[in-house]
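Shown next, in structure tokens, is the structure this report addresses.
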Amino acid sequence: MKRCAPALVLGGLALAVLAAVARRTRRTLVAVTVRGRSMEPTYRDGDRVLVRRGGPLVQGRVVVVERLPFHGRRPAPPGLPGPEPTWVIKRVAALPGDPVPRGLGPALAAVPEDLVPPGKLVLLGDNPRVSQDSRRMGLFPADAVLGVVVRAR
């Protein structure tokens, strides 16, 4: 039986670990291009952001979230595949258990609960004049969040 040099064994092990980390990182981090003006001046149309899937939801952090059918998309007819998800970028304004900020817009004023219910979020764009967010659309489901923005390029 041939013996391998320790450097070759360690090099191969390091390469395997690096490959595993690269595969995991690809699933965890997603590059997203900002489209539109809803997050100006923080992010502008064409900016690229790095999003961590499953990152912690914290008030004030920016997230990428799916805009759901009841937020302007028609659901697919039964038996047919649905449309591709539309992703939007917004700032977390309130988490489950936080008071509903009713004074921010008509959709929030109409929320029947005093506190943001479990599984829901208040999401706002930094540019309220053009942002389609909780001010106009109400609460977003927390499970529609792709992830948290961790870096902009």
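Condition check: touching a helix residue (DSSP H, G or I) at 6+ places or on another chain (Cβ under 8 Å) and either at pLDDT 95 or above or open to solvent by 80 Å² or more (accessible area, probe 1.4 Å) (or both). Does ARG44 satisfy that?
Numbers: touching a helix residue (DSSP H, G or I) at 6+ places or on another chain (Cβ under 8 Å): no; either at pLDDT 95 or above or open to solvent by 80 Å² or more (accessible area, probe 1.4 Å) (or both): yes.
Answer is no for this residue.
Within the range 101-109, identify whether any single residue is over 21 Å from GLY36 (Cβ atoms) and not in a helix (DSSP H, G or I), and answer yes or no.
Checked against the condition, which is being over 21 Å from GLY36 (Cβ atoms) and not in a helix (DSSP H, G or I), the range 101-109 yields at least one hit.
Which of the residues belonging to the range 93-108 are under 28 Å from ALA152 (Cα atoms) and open to solvent by 50 Å² or more (accessible area, probe 1.4 Å)?
Within the range 93-108, PRO96, LEU104 meet the criteria.
Is it true that some residue in the range 70-92 is in a strand (DSSP E or B), at pLDDT below 95, of a type in the set (Val, Ile, Thr) and open to solvent by 40 Å² or more (accessible area, probe 1.4 Å)? If you could, list the steps in order and put the result at the bottom.
So in the range 70-92, the residues in a strand (DSSP E or B) come out as 86-92.
Then keep just the ones that are at pLDDT below 95; that gives 86-88.
Narrowing the set further to residues that are of a type in the set (Val, Ile, Thr) leaves 86, 88.
Narrowing further to those that are open to solvent by 40 Å² or more (accessible area, probe 1.4 Å): 86.
Within the range 70-92, one or more residues are in a strand (DSSP E or B), at pLDDT below 95, of a type in the set (Val, Ile, Thr) and open to solvent by 40 Å² or more (accessible area, probe 1.4 Å).
Restricting to the range 51-69, count the residues that are open to solvent by 50 Å² or more (accessible area, probe 1.4 Å) and of a type in the set (A, V, I, L, M).
Residues flagged as open to solvent by 50 Å² or more (accessible area, probe 1.4 Å) and of a type in the set (A, V, I, L, M) within the range 51-69 amount to 2.
Hey, could you check the range 109-135 for residues that are charged (D, E, K, R) and surrounded by fewer than 16 Cβ atoms within 10 Å (Cβ to Cβ) and say which is farthest from PRO56 (Cα to Cα)?
To start, the set of residues in the range 109-135 that are charged (D, E, K, R) comprises 113-114, 120, 126, 129, 133, 135.
Those still in the list that are surrounded by fewer than 16 Cβ atoms within 10 Å (Cβ to Cβ) too: 113-114, 129.
Details: GLU113: 24, ASP114: 24, ARG129: 28 Å.
Within the range 109-135, the match that is farthest from PRO56 (Cα to Cα) is ARG129.
GLN132 passes all but one of (1) closer than 22 Å to VAL34 by Cβ; (2) touching a Lys or Arg at 6+ places or on another chain (Cβ under 7 Å); (3) not in a strand (DSSP E or B); which number fails?
(2)
At pLDDT below 95 and closer than 20 Å to VAL122 by Cβ, is that true of ARG23? Steps first, answer last, please.
Values: at pLDDT below 95: yes; closer than 20 Å to VAL122 by Cβ: no.
Spelling it out, it is not the case that ARG23 is at pLDDT below 95 and closer than 20 Å to VAL122 by Cβ.
The values are calculated or read from the model by the stated rules, or taken from the named source; none is laboratory data. These figures come from a predicted structure and were not determined experimentally. All Cβ positions, glycine included, derive from the backbone under ideal geometry; neighbour counts span all protein chains shown. Side chains are part of the model used for accessible areas, which takes the heavy atoms of the whole protein and leaves out ligands, DNA and RNA. Shrake-Rupley method; radii C 1.70, N 1.55, O 1.52, S 1.80 Å.
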